[in-house]
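Take a look at the structure below.
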Amino acid sequence: MTHEMRLDKEPFEQIKSGQKTIELRLNDEKRRLIKVGDCIIFHETNHPDNQLAVKVIALHPFPTFRELYETLPLLACGYTPDNIDNARPEDMDAYYSPEQQKQFGVLGIELELIGNC
């Protein structure tokens, strides 16, 4: 199955370069359809024609971003050596409200870059 999602420029470029191999999302109804082996096409938010195709190689569901941050390698989640010391689960509140996180749980989508789906 192929899924489509939007990404801001910075995480889009991090996935493109291979630096980011785990995308963090709310584990809502849309993300619960994702299975290992599926393809995701990421569109850069401000330039939707810029696309990346990735294959889902693992799914890491957690009840909260706190547990996700304590378990997954944050350098693979989009943090860099320059900002890793300031990484906090609350960083994700900018994308998903605490209420949404509590309702759906959260998900780390481990991926590998592929040519196309």
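Other residues lying with their Cβ under 11 Å from the Cβ of Lys20 contribute a combined charge of -3, Lys and Arg counting +1, Asp and Glu -1. Report ³J(HN,Hα) in whole Hz for each residue of region 104-113, in order, from the Karplus equation J = 6.51 cos²θ - 1.76 cosθ + 1.60 where θ = phi - 60°; Gly and Pro get x. Once rounded to whole Hz, the list reads 9, x, 10, 9, x, 9, 7, 9, 10, 6.
With helices as the sole contributors, the chain gives -5500 deg cm²/dmol at 222 nm; each DSSP H run of n ≥ 4 counts as -39500 (n - 2.57), and the sum is divided by every residue.
So which residue, out of Val56, Val36, Val106, gets the largest mean-square fluctuation from a GNM of the chain using Cα contacts under 10 Å as springs? In this elastic network of the chain, the residue with the biggest mean-square fluctuation among Val56, Val36, Val106 is Val36. Derived scalar couplings between HN and Hα for region 17-27 equal 7, x, 5, 9, 10, 9, 9, 9, 9, 5, 8 Hz in order, rounded to whole Hz, by the Karplus curve 6.51 cos²θ - 1.76 cosθ + 1.60 (θ = phi - 60°), x for Gly and Pro.
Comparing region 35-97 with the 2.2 N^0.38 Å rule of thumb, its C-alpha radius of gyration ratio is 1.31 (two decimals). For a 4.7 Å threshold on C-beta separation, the list of partnerless cysteines in the chain reads Cys77.
Per the Kirkwood formula applied to alpha carbons, the chain shows a radius of gyration over Rh ratio, Rg over Rh, of 0.94.
Please report the net charge: other residues with Cβ closer than 10 Å to the Cβ of Thr64, K and R +1, D and E -1. Taking every Cβ under 10 Å from that of Thr64, the sum is 0.
Bear in mind that the values in this text are calculations on the coordinates, not laboratory data. What you are looking at is a predicted structure, and each value in this text was computed from that prediction instead of being measured. Neighbour counts run over all protein chains shown; Cβ positions are idealised from the backbone, glycine included.
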